[in-house]
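A.B. asks: A single structure is presented below for examination.
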Amino acid sequence: MARISFEDCRMRSLLLSITILLLPVGANALEVFACEPEWASLVSELAGDAANVTVATTAFQDPHRLQAKPSLIAAIRKADLVICTGADLEIGWLPLLLRRGGNPEIFMASDHVRRLEVPKVINRSQGDIHPQGNPHVHLDPRNIRRIAAALAEQLVEMDGKNAADYNTRLADFQERWSDALSTWEERALALAGLEVASHHRSFSYLANWLGLDIVATIESKPGIPPSGAQLASLLEQLSEKPPVVVVRTPYENERPSLWLTERLSVPAIKLPYTISGNDAVTDLFTLFDETLRILEEYRP
């Protein structure tokens, strides 16, 4: 067997060190598959370069419905961690991706908060009812704080070598989030009682946090477009005392809202709902800043 000299060993060690230095940032990072943009943003806050994040949806795609494209199957196959909302929000497409993918760890954000609108009776004739409650949990910033803590714990468990960094990032995020939350809640005082109608039950958590009064929902059955007769009935119901505004997400059909608001002579507004829902929303902080700014334009 040929002997390896000290100089050979030193040269190999040097070459290995150079190779490691030349690897791209994130080359040994956790591969994270995020179902929605809000969770991709939260992972970035907590993990930085320690995670490579693939996002399945955009603000302009309905997270209830998504085509399981080959690119998403490929992304989930290499994922170490899948983070989604859960509470059956992705029930129409995520199980298929997981069956076609590998065996990643799964983190469901809604498992870590109290869910609203949990039905007592499950009846599919009532539309797209979520048995586990309303899944749009990210629109209450108090939920984000709880989910961040649970997600950081998951990251530490999966990637112990970066535990100190995850914990430092969590502490920094929670401090900045608490400061922002105090400011948002001061602004929220002027919005309490604001009467709004909503296209879908997308904003229940936002309304619960801000004290908004959702006086009507355009979709009488969740997930089912309203018929002409249903819109006419809603118009009659709201004509005597119209809401201040009618709100919708960027991915929802604007026609029912516009039909109703034109006849009620009130504005139809599009709230960002998630990251990149409009040009001003680039992260979780600007999501709430911008949502409040838009609503403040219509306060009494």
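A.B. asks: Give the residue that is farthest from the chain's Cα centre (by Cα), with candidates limited to residues of the stretch 248-286 that are charged (D, E, K, R) and part of a loop (DSSP other than H, G, I, E, B).
C.D. replies: Top of the filtered list is GLU254.
A.B. asks: I've got another one for you. Take the residues in the stretch 222-249 that are closer than 29 Å to ARG142 by Cβ and of a type outside the set (Gly, Ala, Ser), then tell me which one is surrounded by the fewest Cβ atoms within 10 Å (Cβ to Cβ).
C.D. replies: PRO222
A.B. asks: Within the stretch 33-60, track down each residue that is over 12 Å from the mean Cα position of the chain (by Cα) and among the polar types (S, T, N, Q).
C.D. replies: Correct list: SER44, ASN52, THR54.
A.B. asks: I've got another one for you. Give ALA197, ALA180, ALA171 a once-over and let me know the one that is of a type in the set (A, V, I, L, M), in a helix (DSSP H, G or I), at pLDDT 95 or above and more than 22 Å from ARG114 (Cβ to Cβ).
C.D. replies: The conditions single out ALA171.
A.B. asks: Filter the stretch 217-230 down to the residues that are out of contact with any helix residue (DSSP H, G or I) (no Cβ under 6 Å at 6 or more places or on another chain) and hydrophobic (A, V, I, L, M, F, W, C), then identify the one that is nearest to GLN61 (Cα to Cα).
C.D. replies: The qualifying residue nearest to GLN61 (Cα to Cα) is ILE224.
A.B. asks: For the condition over 14 Å from VAL55 (Cβ atoms) and without any contact (Cβ under 8 Å) to a residue 12 or more places away in the chain, what is the one hit in ARG99, ARG115?
C.D. replies: When all the criteria are applied, what remains is ARG99.
A.B. asks: Within the stretch 71-92, can you find the residues that are over 13 Å from the mean Cα position of the chain (by Cα) and of a type in the set (D, E, K, R)?
C.D. replies: Matches in the stretch 71-92: ARG77, LYS78, ASP80, ASP88.
The values are calculated or read from the model by the stated rules, or taken from the named source; none is laboratory data. Note that the structure is predicted; figures quoted are calculated from it, not measured. Every residue, glycine among them, receives a Cβ derived from its backbone with ideal geometry; neighbour counts consider all protein chains shown.
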